[in-house]
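The values are calculated or read from the model by the stated rules, or taken from the named source; none is laboratory data. In this text, all values refer to a predicted model and were calculated from it rather than measured experimentally. Note that we place each Cβ from the backbone using ideal geometry, even for glycine, and neighbour counts take in every protein chain shown. The area values use the complete protein model at the heavy-atom level, side chains included, leaving out ligands, DNA and RNA. Shrake-Rupley method; radii C 1.70, N 1.55, O 1.52, S 1.80 Å.
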Amino acid sequence: MESILNRPGIKMIKSPDKREKVCEALKSLRFTENDVKQMMKVFEEQIDYANSLNEEDRKKSDLFWECTYVSDLVKGNENGRYLGLDLGNDQLSGPAELVFDHIAASMETFITEEKIQSQTPIGVGFTFSFPTVQKTLKKSILVTWTKRFKCTNGPGLDPCNLLEEAIERRGGLSVPVNVMARISDTTGTLMAGSYYDKKCAIGLILGSGSNACYVEHLKNFRKLDPKEAKSDKILVNCEWGAFGDNGCLDFCRNEFEREVDQYSNFPGSYTFEKSFGGFYLGEMFRLVLVKLTKAGVLFDGKGSNELMTRWLWKSRQVTTVEKDNPGSSENTMSVLKEMKLDTIATEEDVVLVQEACYLMSQRAAYIVATALAVLLNHINEPEVSIGIDGSLYEHHPRFHDHITTLLQKLVPNTKFRLFLVKDGSGQGAALVAAVESS
């Protein structure tokens with residue numbers, strides 16, 4: 001990562017004293033070469049623990065590293081009608097049973113609106129984007145809710161059972177269904193990615209949170225009896241959002257990431273994704289600007305109520321600012337106006353806001369790229385495509401390029417391609433049902 005002093009906007013600051021204060025305030029946004037090397041090393045160590053047959057070793061890692069039990073990627077010879085069900089974005093609270101009643105009602109609404117008719121059960125793939133322990137393709141145990149979900153129960157229960165019970169409470173649906181699989185959103189994205197690109201071996205979610213699923217060599221996965229596998233490769237659900245909860249990433253966490261965590265719904269949890277997840281980037285951006293303001297180098301040290309309000313800034317503000325090209329400020333000014341900062345912002349302030357946003361976004365993308373490099377090394381193929389779903393990747397104008405830039409340095413012998421898989425988690429759920437029915 002280049003020196004902050006070399007950034008064009010920083011060079012434009014006229015006062016040497018102010019420039020020095022700005023660099024001091026922003027220095028923790030750098031993700032250094034040493035940080036990259038150490039994170040790759042630590043990630044491998046945590047994978048080794050998570051992949052161990054020894055339960056005590058597995059407790060040393062916050063990675064779940066679960067076999068998905070999905071038998072294969074999409075081959076193209078599947079046929080039939082299948083339903084893909086995706087839960088993971090809406091804000092829900094209350095008893096888990098009521099949440100699943102809502103899901104069952106939504107399924108009936110969809111079936112009615114789409115005029116679906118069938119005398120035989122339609123296979124359903126269920127994307128349930130929360131940490132679970134996978135027992136079989138269908139059976140799993142919820143470990144915890146994440147993101148904006150604040151349900152009063154659920155951990156320890158089986159999501160597919162909860163769904164089937166909710167359907168039964170309704171007296172069934174207007175067409176019979178067969179809930180066949182519970183998968184993560186990343187598994188769905190990998191499956192959908194393989195439909196569009198046969199070289200796709202990683203599914204990645206970059207939205208409000210993050211996770212990854214990849215194709216691993218069976219010989220490298222110790223937690224599955226080879227007799228249970230249907231080929232020499234398996235799909236592994238990383239569940240990497242909690243990577244670092246045990247303190248193994250403390251060496252590179254900066255003050256902004258620590259404060260975001262402190263005031264989040266789940267302090268001390270999901271450390272990794274809080275460094276770059278879309279649910280957190282807006283707040284992190286705000287904290288960076290607050291620090292610059294309190295240092296007296298931004299907005300003449302004044303700010304606004306909107307700047308000082310926790311969680312008011314969203315990732316939308318980040319992606320909007322990042323859409324401005326060098327020398328332009330229309331998008332940045334729209335954000336500053338929204339946050340009641342436009343009337344006090346000087347031209348130098350506007351450029352500094354853009355630079356802070358750029359550096360924060362670059363750091364976030366580099367963290368993602370570092371973890372991806374480890375997965376690419378595991379896959380060890382000359383060509384690998386990475387299917388990515390999620391609003392952050394879709395709407396952030398520079399995330400793709402930042403990830404690509406670092407990956408080219410970290411895995412120079414792998415030809416890789418990053419591509420958007422729109423609604424991959426939903427499509428993938430239906431594709432899993434199709435594959436398992438073939």
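Details
- For a label point 7 Å along the Cα-to-beta-carbon line of SER93, residues of the stretch 125-151 with backbone N under 18 Å: 145-151
- All other residues whose Cβ lies under 14 angstrom from that of GLY301 are scored, Lys and Arg at +1 and Asp and Glu at -1, for a net of +2.
- In a simple Cβ point-charge model (Lys, Arg +1; Asp, Glu -1; nothing else charged), the chain has a dipole of about 520 debye relative to its Cα centre.
- ILE4 sits among other residues whose Cβ lies under 13 Å from its own Cβ, and their net charge, with Lys and Arg +1 and Asp and Glu -1, is +3.
- Across the stretch 12-139, the relative contact order, built from alpha-carbon pairs under 8 Å that are at least six residues apart, equals 26 percent.
- FRET E, pair GLN119, PHE266, Förster distance 30 Å, beta-carbon r, rounded to 0.05: 0.10
- Each residue of the stretch 380-395 was assigned a 3J(HN,Hα) from its phi angle through the Karplus expression (A = 6.51, B = -1.76, C = 1.60, θ = phi - 60°), giving 6, 10, x, 9, 9, 9, 10, x, 10, 10, x, 5, 5, 5, 5, 9 Hz with x at Gly and Pro.
- Using alpha-carbon coordinates, inclination of helix 96-113 to the longest axis of the chain, degrees: 80 degrees
- DSSP-defined beta bridges in the chain - what % are antiparallel, rounded to 5: 40 percent
- Loop-resident sites, the stretch 24-59, for trypsin sites (Lys or Arg not before Pro), counting at most 14 other Cβ within 10 Å (DSSP): LYS59
- Solvent exposure of the stretch 218-342, expressed per residue, is 44 Å² of accessible area, with all protein chains present and a 1.4 angstrom probe.
- Counted by Cβ distance under 9 Å from GLY268, the other residues give a net charge of -2, where Lys and Arg count +1 and Asp and Glu count -1.
- Accessible area of the chain belonging to carbon and sulfur atoms, whole % at 1.4 Å probe: 47 percent
- Angle between the chain longest axis and helix 399-410 axis [Cα atoms, degrees, rounded to 10]: 90 degrees
- Label of the coordinate-derived value, Cα extents along the principal axes in Å, listed as [x] 62, 58, 39; [y] 133, 43, 40; [z] 74, 45, 39: [z]
- Tilt relative to the chain, helix 347-379 - C-alpha long axis, 0 to 90 degrees, to 10: 40 degrees
- Computed packing ranks the peptides 388-398, 164-174 as 388-398, 164-174, most packed first, by mean other Cβ atoms within 10 Å.
- Cα-based Lys proximity count in the stretch 195-251, under 25 Å, for pairs eight or more positions apart or on separate chains: 10
- Normalised contact order of the stretch 148-282, rounded percent, pairs of Cα under 8 Å and 6 or more residues apart: 19 percent
- Normalised by the number of residues in the stretch 157-226, the average gap of Cα pairs under 8 Å and 6 or more apart makes the relative contact order 21 percent.
- Accessible area of LEU53 in the full protein assembly, 1.4 Å probe (Å², nearest 10): 130 Å²
- When the alpha carbon gyration tensor of the stretch 306-392 is reduced to an equivalent ellipsoid, the three semi-axes, largest first, read 34, 14, 11 Å.
- Cα-based Lys proximity count in the stretch 304-438, under 21 Å, for pairs eight or more positions apart or on separate chains: 6
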